């Protein structure tokens with residue numbers, strides 16, 4: 001499968017990446033590259049994962065990598081929406097506490113994990 005990434009931004013420096021498809025070994029670098037590019041434009045990156053159909057451990061690693069990069073640069077990463085598959089993977093891995101379902105600052109990755 002493939003990953004489609006659509007980027008939207010606003011004047012306040014908030015970027016959103018709407019993701020659709022699979023996040024795995026073949027697509028992870030595209031996500032990381034798009035995320036790093038979006039983080040250079042602002043302090044908040046929101047990942048809309050409502051249309052992600054598959055995510056494996058490599059995909060989870062890319063989310064954590066983006067979170068670490070953001071935290072190192074005084075930015076943060078949020079997950080605004082998640083597909084049932086993404087919700088389940090985050091729950092099983094314990095990362096649902098890193099990115100709670102609510103789209104508040106509490107849902108941001110701060111690099112503490």
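Just a few scattered comments:
- Selection from the range 85-113 of residues that are modelled with pLDDT of 65 or more, more than 10 Å from the chain's Cα centre (by Cα) and under 23 Å from residue 34 (Cα atoms): 85, 86, 87, 89, 90, 95, 96, 98, 100
- Applying the criterion of being part of a helix (DSSP H, G or I) and under 10 Å from the mean Cα position of the chain (by Cα) to the residues of the range 63-83, the residue that is surrounded by the most Cβ atoms within 10 Å (Cβ to Cβ) is 63.
- Search result, residues across the range 3-56 that are surrounded by fewer than 16 Cβ atoms within 10 Å (Cβ to Cβ), in a loop (DSSP other than H, G, I, E, B) and at pLDDT 95 or above: 25, 26, 56
- Scanning the range 32-50 for residues that are in contact (Cβ under 8 Å) with a residue 40 or more places away in the chain and under 12 Å from residue 5 (Cβ atoms) returns a single hit, 35.
The values are calculated or read from the model by the stated rules, or taken from the named source; none is laboratory data. For clarity, every value in this text was computed on a predicted model and none was experimentally measured. Cβ atoms come from the backbone with ideal geometry, glycine included; neighbour counts cover every protein chain shown.
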